[in-house]
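Just below is one structure, and these are the notes that go with it.
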Amino acid sequence: MEAGGLHVILTEFHDSARIDRQLFGRCARQGNPGSVEAIVSLEDELFQHFLGTALGSVARRLAGSKYGDLLRRLAQYRAERQHARTRLDTMA
């Protein structure tokens with residue numbers, strides 16, 4: 001790996017996947033070197049609140065597997081849906 005550049009370490013996922021993509025995008029701009037890694041726990045608020053305790057037990061078994069990213073996307077999808085409903089309710 002080429003030396004230099006910004007290394008971004010994400011310690012928790014945001015409710016919105018868009019925010020995470022923006023943070024990941026900060027690591028390398030205009031061809032400059034950079035890297036990113038996410039170090040997170042299933043005990044983070046995003047997973048606890050949006051996956052629930054029943055799904056949490058399944059999630060713990062899947063976290064280290066290739067399905068870890070799927071769990072994150074599911075939790076963020078649920079969070080984004082809930083926030084969208086809240087915005088619509090506020091406007092009504």
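Just so you know, all these numbers are worked out from the coordinates, no wet-lab data involved. This structure is a prediction, so every number in the text was calculated from the model and none was measured. Reconstructed Cβ throughout: ideal geometry from the backbone, glycine too, with neighbour counts over all protein chains shown.
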Taking segment 67-81 and keeping residues over 10 Å from the mean Cα position of the chain (by Cα) and under 15 Å from residue 44 (Cβ atoms) leaves 68, 78, 79
(message) Would you confirm, using the coordinates I've provided, whether residue 81 is free of Cβ contacts under 8 Å to residues at least 12 places away in the same chain, surrounded by 10 or more Cβ atoms within 10 Å (Cβ to Cβ) and either at negative phi or in a helix (DSSP H, G or I) (or both)?
(response) yes
Scanning segment 24-47 for residues that are part of a helix (DSSP H, G or I) and exposed (fewer than 15 other Cβ atoms within 10 Å of the Cβ), the one farthest from the chain's Cα centre (by Cα) turns out to be 25
Just one listed residue, out of 17, 75, 38, is in contact with an Asp or Glu (Cβ under 9 Å, 6 or more places away or on another chain), of a type in the set (A, V, I, L, M) and free of Cβ contacts under 8 Å to residues at least 60 places away in the same chain, and it is 38
